[in-house]
Amino acid sequence: MIFRKDFKKISDWLWEIPKSFRQDMRVPARVYVSEKMLEDIFRDRSLDQLINLTCLPGIQKYGLAMPDMHEGYSSPIGGVAAIRISDGIISPGMQGYDVNCGMKLLRSDYLEKDIKPNLENLATEIQKEVPSGLGRGRQIKLSIEQINKILEGGAKRLVEQGYGEKEDVENCEGNGRLDWADTSAVSSYAKNRGRDQVGTLGSGNHFLEVQKVEEIFDAKIAEVFGLFRDQVVIMIHTGSRGLGHQVATDYIKEFMGLMGKYKIQVPDREFACVPYDSPEGQRGLAASACAANYAWANRQMITHFIRKAWKSVFGEKASQLVALYDVAHNIIKKEKYIIDGKETGVAVHRKGATRAFPPGHPEIPEKYRSVGQPVLIPGSMGTASYVLVGTKKGEEAFYSTCHGAGRTMSRHEAMRRVSGQEVVKSLESKGIIVKCWSQRGIAEEAPMAYKNIDEVVEVVHNAGLSKKVARLVPLAVIKGE
Amino acid sequence: MKYEILEHKADLKIRAFGKDKSELFENAMIGMFESAKYEPAFAEATAGKEIKKEIKVSSLDLPSLLVDFLSEVLYLSEINHEIYHQIQFRKLTNKNIEGNLFGEKLKTIEVIIKGVTYHSLDIHQKKDKSWEATILFDI
């Protein structure tokens, strides 16, 4: 058991459990929360899971948790581990089954009042164009050869084929393509699952939202991002679908059988890992890059479908939908940091945490480089979302920040307390249009089942991990199923 | 009781029961589909067309076998748009499964299961010789 007394207060927004807390910890655990939120996190097993994360071989400085942290499997959701490449491990179980689950934001030149009369129609068209992938909607089956091209080329491949603009890949993490992807590392099982799911939304907390910019916090940066008050934007939340789930399943199974060979011990089997710098580790990394590329292609194809819907409602001469940014929140990335005075290569494992690079970082688009990377944070269904910007101070957290509101109530309990119909009604009473094929599954995503997004963002803002740029509120929500 | 749903903040956790190992595996599969609300296309569409799929799994040990079996079932379900309610084993050891799955065409899914995890995984035989397993699914 972990108690309040086990924590050392570093600042109002940062708390530490020292390495001495448990014998197998390799580094201290650090949690970014307010004092009020600290009380909440004792209510599930997320702190035990964070302590387990600090035991991973090669972990540097701290095991970190973001303020939206909650119980997951292996790492808590909101967990970050930077693992030294030279002598550390790679853990697909820490990355999770939804490889490169992430966010994309499209901005228009329209104000809310420009689209208000057509909003219902727009939501209906978007719902029609973007299939959930659960048997409803468009059925396109790609060949394995076409899938290989997507795994190699990511979003870039689709843009080359005419499903997007050059700017879509420029304004995307990794330009929508990790070049260490190797399709021979991906099983035929995974490829098969990917054949009919490019451009599909999925289920659970995945969604599309038509939103408006309600508040601007930093006018200068908002201008660089192309954001202004009352502007209409569209947010996309989904990942690598069945292909990514299978890549994770395959490598967790394979690595489980190799732990003995490499004499690696971890406190939870789900962390199944091998040395990063081993043939198996490199194959796992190459496969996970394929899944990440698939996810970027998936969000790109959804963008294409949304633009189609947009044009069918507003006409060919309608305002463009420009990709502002696209960023992952479940991913393993190679990055470099100065650790103990030495430049050190690390594999940053982010599980429910968003990369937030500072101004001047070479890996962010040139047009944003003077201000920092845009960070996209979705709220729970029907509540606010945020655009933040990366900061230099974020280095202390390996340039990571929160990824959403974070659950605070189980799906089961949410369903006991509220019906899908009640949730939809309450959103509609706020003037928000809701499009879903069925109301089952809606109750589980009720705002009451999540932490308050404003409080979560306040923590990362005050801790300096990323700064508030704009607050977005929903006009229409489109769910997969 | 075939299975029960346990509390978990974000994911789906179930406990499955069986008088023997084969019933446990079957009930874990049924519990997985039912609790994530994978629903079959009943009646007219599939009447008289029973679906049968061959399944073969090998693993490190019994807990891994349970995870790998359920992962294989999810793969077959997604690829073929099917749901299964029964398995006939030709072979079931602590490391290997061979048998046939029986089921129907899949109609809808409420929540897609992304993965069968090893986190807090448990499978054991009880004093009364019956079997019990706890499994956490990423949803």
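The values are calculated or read from the model by the stated rules, or taken from the named source; none is laboratory data. None of these values were measured; they are calculated from a predicted model. Neighbour counts run over all protein chains shown; Cβ positions are idealised from the backbone, glycine included.
Can you find, within the stretch B:104-133, the residue that is farthest from the other protein chains (Cβ to nearest Cβ) among those that are closer than 19 Å to B:Ala41 by Cα and outside any loop (DSSP other than H, G, I, E, B)?
Among those residues, the one meeting the criterion is B:Glu104.
Need the failing condition index for B:Tyr3 against (1) more than 12 Å from every other protein chain (Cβ to nearest Cβ); (2) more than 20 Å from B:Lys129 (Cβ to Cβ), just the number.
Single failed check for B:Tyr3: (2).
Give A:Gly372, A:Gly406 a once-over and let me know the one that is over 24 Å from A:Glu444 (Cβ atoms), crowded, with 24+ Cβ neighbours inside 10 Å and either within 14 Å of chain B (Cβ to nearest Cβ) or among the small types (Gly, Ala, Ser) (or both).
A:Gly372
Report the residue count in the stretch A:138-169 for those that are outside any helix (DSSP H, G or I) and in contact (Cβ under 8 Å) with a residue 60 or more places away in the chain.
Residues meeting the conditions: 4.
Do we find that A:Glu209 is under 18 Å from the mean Cα position of the chain (by Cα) and among the acidic types (Asp, Glu) in this structure?
yes
With respect to A:Gln265, determine if the residue is within 25 Å of the chain's Cα centre (by Cα), more than 10 Å from every other protein chain (Cβ to nearest Cβ) and without any contact (Cβ under 8 Å) to a residue 60 or more places away in the chain.
Numbers: within 25 Å of the chain's Cα centre (by Cα): no; more than 10 Å from every other protein chain (Cβ to nearest Cβ): yes; without any contact (Cβ under 8 Å) to a residue 60 or more places away in the chain: yes.
Judged against the criteria, A:Gln265 is not a match.
Sort out for me the helices (runs of 4 or more DSSP H) sitting completely within the stretch A:22-125 that have 3 or more residues that are away from chain B (no Cβ under 14 Å) and polar (S, T, N, Q).
So the answer is none; nothing clears 3.
Looking at B:Leu70, B:Leu136, B:Leu66, B:Leu101, which one is within 9 Å of chain A (Cβ to nearest Cβ), crowded, with 20+ Cβ neighbours inside 10 Å and either polar (S, T, N, Q) or in contact with a strand residue (DSSP E or B) (Cβ under 7 Å, 6 or more places away or on another chain) (or both)? Can you show your working first?
Values: B:Leu70 fails: within 9 Å of chain A (Cβ to nearest Cβ); B:Leu66 fails: within 9 Å of chain A (Cβ to nearest Cβ); B:Leu101 fails: within 9 Å of chain A (Cβ to nearest Cβ).
Within the list B:Leu70, B:Leu136, B:Leu66, B:Leu101, the selection yields B:Leu136.
Which members of the stretch A:387-420 meet the condition of being more than 17 Å from A:Thr354 (Cα to Cα) and among the β-branched types (Val, Ile, Thr)? Before the answer, list the steps.
Our first condition is that a residue be more than 17 Å from A:Thr354 (Cα to Cα); within the stretch A:387-420, this holds for A:408-420.
Answer for the stretch A:387-420, where residues must be more than 17 Å from A:Thr354 (Cα to Cα) and among the β-branched types (Val, Ile, Thr): A:Thr408, A:Val418.
I'd like to verify a number: residues in the stretch A:437-475 that are closer than 18 Å to A:Leu376 by Cβ and among the small types (Gly, Ala, Ser), how many?
Going through the stretch A:437-475 one residue at a time, the tally reaches 2.
Please determine whether any residue of the stretch A:445-455 is β-branched (Val, Ile, Thr), buried (at least 21 other Cβ atoms within 10 Å of the Cβ), within 24 Å of A:Glu112 (Cβ to Cβ) and touching a residue at least 24 places away in the same chain (Cβ under 8 Å).
yes
Scan (1) part of a loop (DSSP other than H, G, I, E, B); (2) closer than 27 Å to A:Met415 by Cα for the single condition B:Arg15 breaks and write down its number.
(1)
May I ask you to verify whether B:Ile55 is in contact with a Pro (Cβ under 6 Å, 6 or more places away or on another chain), touching a residue at least 40 places away in the same chain (Cβ under 8 Å) and assigned to a strand (DSSP E or B)?
No: the conditions fail for B:Ile55.
Name the single residue, out of those in the stretch A:414-447 being part of a helix (DSSP H, G or I) and in contact with a Lys or Arg (Cβ under 7 Å, 6 or more places away or on another chain), that is modelled with the highest pLDDT.
A:Gly420
To keep it simple, each residue is scored yes or no on (1) at pLDDT 95 or above; (2) crowded, with 24+ Cβ neighbours inside 10 Å; (3) within 22 Å of the chain's Cα centre (by Cα).
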site: A:Gly133; (1), (2), (3): no, yes, yes
site: A:Ser143; (1), (2), (3): yes, no, no
site: A:Glu173; (1), (2), (3): yes, yes, yes
site: A:Ser187; (1), (2), (3): yes, no, no
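For residues that are under 17 Å from A:Gly102 (Cβ atoms) and in contact with a helix residue (DSSP H, G or I) (Cβ under 7 Å, 6 or more places away or on another chain), scanning just the stretch A:202-216, find the one that is surrounded by the fewest Cβ atoms within 10 Å (Cβ to Cβ).
Among those residues, the one meeting the criterion is A:Asn205.
Could you grab me the full set of residues in the stretch B:77-96 that are within 14 Å of another protein chain (Cβ to nearest Cβ), more than 19 Å from A:Gln139 (Cβ to Cβ) and either within 14 Å of the chain's Cα centre (by Cα) or assigned to a strand (DSSP E or B) (or both)? Give the steps one after another, and end with the answer.
Of the stretch B:77-96, the ones within 14 Å of another protein chain (Cβ to nearest Cβ) are B:77-83, B:95.
Adding the requirement that they be more than 19 Å from A:Gln139 (Cβ to Cβ) leaves B:95.
Within the stretch B:77-96, none qualify.
Kindly check whether there is at least one residue in the stretch B:35-55 that is farther than 22 Å from A:Gly93 by Cβ and surrounded by 22 or more Cβ atoms within 10 Å (Cβ to Cβ).
yes
If we keep just the residues of the stretch A:217-252 that are assigned to a loop (DSSP other than H, G, I, E, B) and within 11 Å of another protein chain (Cβ to nearest Cβ), which is surrounded by the most Cβ atoms within 10 Å (Cβ to Cβ)? Step through it out loud before you land on a result.
The first filter runs over the stretch A:217-252 and keeps only residues assigned to a loop (DSSP other than H, G, I, E, B), leaving A:217-218, A:226-230, A:239-240.
Filter once more, so that each one left must be within 11 Å of another protein chain (Cβ to nearest Cβ): A:239-240.
Values: A:Gly239: 28, A:Ser240: 35.
Once the filter is applied, the top-ranked residue is A:Ser240.
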